[in-house]
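In what follows, a single structure is set out as structure tokens and then discussed.
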Amino acid sequence: FNDGNDSGWTRLNPLAAVGGSANYSFPGGNTYRIQTGASPNPAAFGQSRAGSLRSDIDHGAFRVSVDIAGADPALQQDFGILTRVSSPGLGTLNGYSATFDSDEEKLYLSRVDAEQATTLESVLVPVEEGKIYRIVFHGYQDQFLVEVFDVTDLTTPVVSISGSDGTYSEGST
């Protein structure tokens, strides 16, 4: 996203049809920020959520990374990476996720079935406010590895988790 746009990416806002909002911006010209408004009905539709997918590329093997910069520790939010995604939409998305839960300070590796996550593995992540972290999600066949790095040291992970699941063999990121 260093060119200041998300060309080639499909914006995903599962709650759009029921009044959910999502904003996509590029603060500083090269940082991709995705923000959502409150869920229009958390009891019926769950929490607000949004993302961007490379829906034109299906893959089985992958290595995807995202830097987490300027996350607000006061917000209760989960963010991360979805891979092998199929059927994106409200109540239909399938695939795998590597997500960080900010209020629990925990990293999750999960299988996602119809937008419902099943935890494969999890680990506490010791984070320091003001630092930038990189989440790297690897997958090959039915094996997964998620690593979290402090961006000042991309050779030694702060934490890592691995897991195995063969439910979804390919999809978009």
Scanning region 139-162 residue by residue, those crowded, with 18+ Cβ neighbours inside 10 Å, touching a Leu at 6+ places or on another chain (Cβ under 7 Å) and not β-branched (Val, Ile, Thr) turn out to be PHE144
ALA17 meets each of (1) over 15 Å from the mean Cα position of the chain (by Cα); (2) in a loop (DSSP other than H, G, I, E, B); (3) over 29 Å from GLY130 (Cβ atoms) with one exception, condition (2)
Considering residues of region 6-34 that are out of contact with any Asp or Glu (no Cβ under 9 Å at 6 or more places or on another chain) and modelled with pLDDT under 90 only, the residue nearest to PRO88 (Cα to Cα)
ARG33
Checking GLN77 against (1) farther than 20 Å from THR31 by Cα; (2) out of contact with any strand residue (DSSP E or B) (no Cβ under 7 Å at 6 or more places or on another chain); (3) free of Cβ contacts under 8 Å to residues at least 40 places away in the same chain, the condition it does not meet:
(1)
May I ask you to verify whether GLU170 is open to solvent by less than 70 Å² (accessible area, probe 1.4 Å), charged (D, E, K, R), touching a Gly at 6+ places or on another chain (Cβ under 7 Å) and closer than 21 Å to LEU12 by Cβ?
no
Residue that is within 23 Å of GLU170 (Cα to Cα), free of Cβ contacts under 8 Å to residues at least 60 places away in the same chain and open to solvent by less than 70 Å² (accessible area, probe 1.4 Å), where the choices are GLY51, GLY89:
GLY51
Single condition THR119 does not satisfy, out of (1) within 28 Å of PRO157 (Cβ to Cβ); (2) at pLDDT 95 or above; (3) open to solvent by less than 60 Å² (accessible area, probe 1.4 Å)
(3)
With the checklist (1) assigned to a strand (DSSP E or B); (2) in contact (Cβ under 8 Å) with a residue 60 or more places away in the chain in hand, flag the one item THR99 doesn't pass.
(2)
Test: residue in region 95-103 that is open to solvent by 60 Å² or more (accessible area, probe 1.4 Å) and under 13 Å from the mean Cα position of the chain (by Cα)
no
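The values are calculated or read from the model by the stated rules, or taken from the named source; none is laboratory data. As the structure is a computational prediction, the values presented were derived from the model and not from experiment. Every residue, glycine among them, receives a Cβ derived from its backbone with ideal geometry; neighbour counts consider all protein chains shown. Keep in mind that these areas ignore ligands, DNA and RNA; they rest on the heavy atoms of the full protein, side chains included. Shrake-Rupley method; radii C 1.70, N 1.55, O 1.52, S 1.80 Å.
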